[in-house]
1. Taking a cut-off of 31 Å, what percent of all Cα-Cα pairs in the chain are separated by more than that?
2. Cα centroid distance between the stretch 138-167 and the stretch 1-43, in Å?
3. Quick check: residue separation of residue 65 and residue 18 times 0.36 nm, minus the Cα distance between them. What number comes out in nm?
4. Given the rule -39500 (n - 2.57) for each run of at least 4 DSSP H residues, summed and divided by the residues of the chain, what is its mean residue ellipticity at 222 nm, to the nearest 500 deg cm²/dmol?
5. Leaving out ligands and nucleic acids, note down the accessible area per residue over the chain with a 1.4 angstrom probe, in whole Å².
6. Once fully extended, how much extra length lies between residue 31 and residue 211, figured as 0.36 nm per residue of separation less the alpha-carbon to alpha-carbon distance?
7. Ignoring ligands, DNA and RNA, what percent of the 1.4 Å accessible area of the chain is carbon and sulfur?
8. Take peptides 135-141, 92-98 and line them up by average Cβ neighbours within 10 Å, highest first, as a rough protection proxy.
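The values are calculated or read from the model by the stated rules, or taken from the named source; none is laboratory data. If you're wondering where the values come from, they're calculated on a predicted model, not measured in any experiment. No Cβ is skipped: glycine too gets one built from the backbone with ideal geometry, and neighbour counts run over all protein chains shown. Areas reflect the complete protein model, heavy atoms only, side chains present, ligands, DNA and RNA absent. Shrake-Rupley method; radii C 1.70, N 1.55, O 1.52, S 1.80 Å.
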Amino acid sequence: MSSPILSLKGLRKAFGALVVTDDVTLDIGANELHAIIGPNGAGKTTLIGEITGELSLDAGSVTFAGEDITRLPIHARALKGLTRSFQITQVLPGFSVLDNVATAAQAHAGSSFRFFGRVSAERALNDQAMAALEQVGIGARAGAPAASLSHGEKRQLELAMALVSRPKLLLLDEPMAGMGREETERMVEVLLALKARYPIVLVEHDMHAVFRLADRISVLVYGRLIASGTPETVRADPAVREAYLGEEEFA
Ligand SMILES: Nc1ncnc2c1ncn2[C@@H]1O[C@H](COP(=O)(O)OP(=O)(O)OP(=O)(O)O)[C@@H](O)[C@H]1O
């Protein structure tokens, strides 16, 4: 692997007596979509929280784009391009889809537009927002109120809001959650296009989606990585098959 965009070394975290991250060491390549799978309660969301800085670690280190960020707070990590989408994004339902994304772009840009006039700054933010909406496949909905979007379109909007923060790595926690077949298929198509532009860490329960998207897969069980490798290796791994006993993707 060329030098990884993200390196996790010996991560450990316990909630009381419950060890939820148990000596996790993992490299995420600069050009890969890396899926993290595992049964309910395995510690996947916790691991994402440790990467973003929402959760503190008991031990271990996190290196991002060559820099040790273990002690950096969440907003400092976000500014460096470590971008989480889903579960924390605030969509403003009364605003249009475009305004939601433009507002997110402005929040990220901070004062960097201060040399522009107000009108050209607004135009630049709107152009950026429109480009992000096109990338996630809902450009045609730009003028609609966010409240009128379907569940699947809302997740696409959240993804567009993540894209305008100029991510160096996208962390996606269950982007297909609550979606029907068609919406899932649309999101898979969006992510297939995005993975050519961004490295992605994907936590997802939908195994069809995972196997279509992932370059590599890591499997967490009770906070421990039991396997990590290409989809073919992971699918054939006896320990993984045991953890996923009965699931058709591993049959
Ligand atoms: N703040 C907390 N305090 C105590 N226990 C917690 C806390 N957050 C998570 N846990 C526990 O840590 C374990 C891992 O939870 P986590 O949500 O990371 O799992 P997960 O793999 O993402 O699960 P799912 O697939 O169901 O979303 C679970 O047993 C959960 O109950």
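1. 26
2. Centre-to-centre (Cα) distance: 28 Å.
3. That pair, residue 65 and residue 18, stretches by 13.8 nm at full extension.
4. -11000 deg cm²/dmol
5. 47
6. Stretched out fully, the residue 31 to residue 211 stretch lengthens by 63.1 nm.
7. Answer for the chain is 53 percent, counting heavy atoms of protein chains only.
8. Result, highest mean Cβ count within 10 Å first: 135-141, 92-98.
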